[in-house]
Amino acid sequence: MRKVRTFLWCVLSMLVVLAGCTPEYNWRETTVADDRATIAFPSKVQTDQRSISLDGVDLKFTLSAASIGQTVFAVGFVKLPAELPVASVEKLTKGLIDSLMSRAVRPSEPELMARALKGDTFELETSVAQQPSWLMGKVLVHQGMLLQVVVSGPKKELSSENAKEFMRSLVLK
């Protein structure tokens, strides 16, 4: 009887471990931000670019993203010209953070903005396709590059573990 219980315990343990492995998440390390960082995306990455203008300076914003269902894992970046004034960099940084915080279902607390401006990771309750959702993000300047790292998706689909794995995988070079 003891051997049967031990065997069943081992089988149950293996099933729990296997349940945590989903085939839809195929993590792959990708270089981003003109080789200034790497991050692990959970699926194939699509990259798009668009031009933005800041105080009369044209900048190229690049967004690399991967999706699993309705959840999006993304890194956006813009190379900051050396001659761009510090005030303009701060304005762009705050603009990216404001854009993310505008998705919150209720106003964010002032200390959240202060932490976000320091480059800390922040979380927001949001709504995607009228479903309770959440967003985890980080905006920072590194080696002349402004980076925006975001994972967002429905609460029923996006686990805290997968969101944290994505954010933790960011390695600045």
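The values are calculated or read from the model by the stated rules, or taken from the named source; none is laboratory data. What you see is a predicted model, and the numbers here were worked out from it, not measured in a lab. Ideal geometry is used to build each Cβ from the backbone, glycine not excepted, and the neighbour counts take in all protein chains shown. Side chains are part of the model used for accessible areas, which takes the heavy atoms of the whole protein and leaves out ligands, DNA and RNA. Shrake-Rupley method; radii C 1.70, N 1.55, O 1.52, S 1.80 Å.
Brief remarks follow.
- Difference of contour (0.36 nm per residue) and Cα-Cα distance, VAL171 to ASP55: 38.7 nm
- Solvent-accessible area of SER159 with every protein chain in place, 1.4 Å probe, in Å² to the nearest 10: 40 Å²
- Among SER108, SER67, the sequence by solvent-accessible area, most first, with a 1.4 Å probe is SER67, SER108.
- Listed residues LYS156, LYS94 arranged by accessible area, highest first, probe 1.4 Å: LYS156, LYS94
- In nm, spacing of pseudo-spin labels at VAL141 and GLU29 (7 Å Cα→C-beta vector): 2.9 nm
- CD proxy at 222 nm, helix term only [per DSSP H run n ≥ 4: -39500 (n - 2.57); per residue of the chain; nearest 500]: -9500 deg cm²/dmol
- For ASP98, solvent-accessible area (1.4 Å; no DNA, RNA or ligand), Å²: 60 Å²
- Listed values (1) 1.25; (2) 0.99; (3) 1.17, entry calculated as Cα Rg over 2.2 N^0.38 Å: (1)
- Sites SER99 and GLU161, calculated FRET efficiency, Cβ-Cβ separation with R0 30 Å, nearest 0.05: 0.70
- Percent accessible area from carbon and sulfur atoms, the range 21-76, protein chains only, probe 1.4 Å: 45 percent
- Accessible area in square angstrom per residue, the chain, 1.4 angstrom probe: 60 Å²
- Estimated distance in nm for a label pair at ALA129 and GLN46, the labels positioned 7 Å out from Cα along Cα-to-Cβ: 1.4 nm
- Sorted peptide list for 99-105, 85-91, 70-76, criterion being average Cβ within 10 angstrom, highest first: 70-76, 99-105, 85-91
- Residue with peak Gaussian network fluctuation, the chain [Cα springs, cutoff 10 Å], from ARG50, ARG36, ARG28: ARG50
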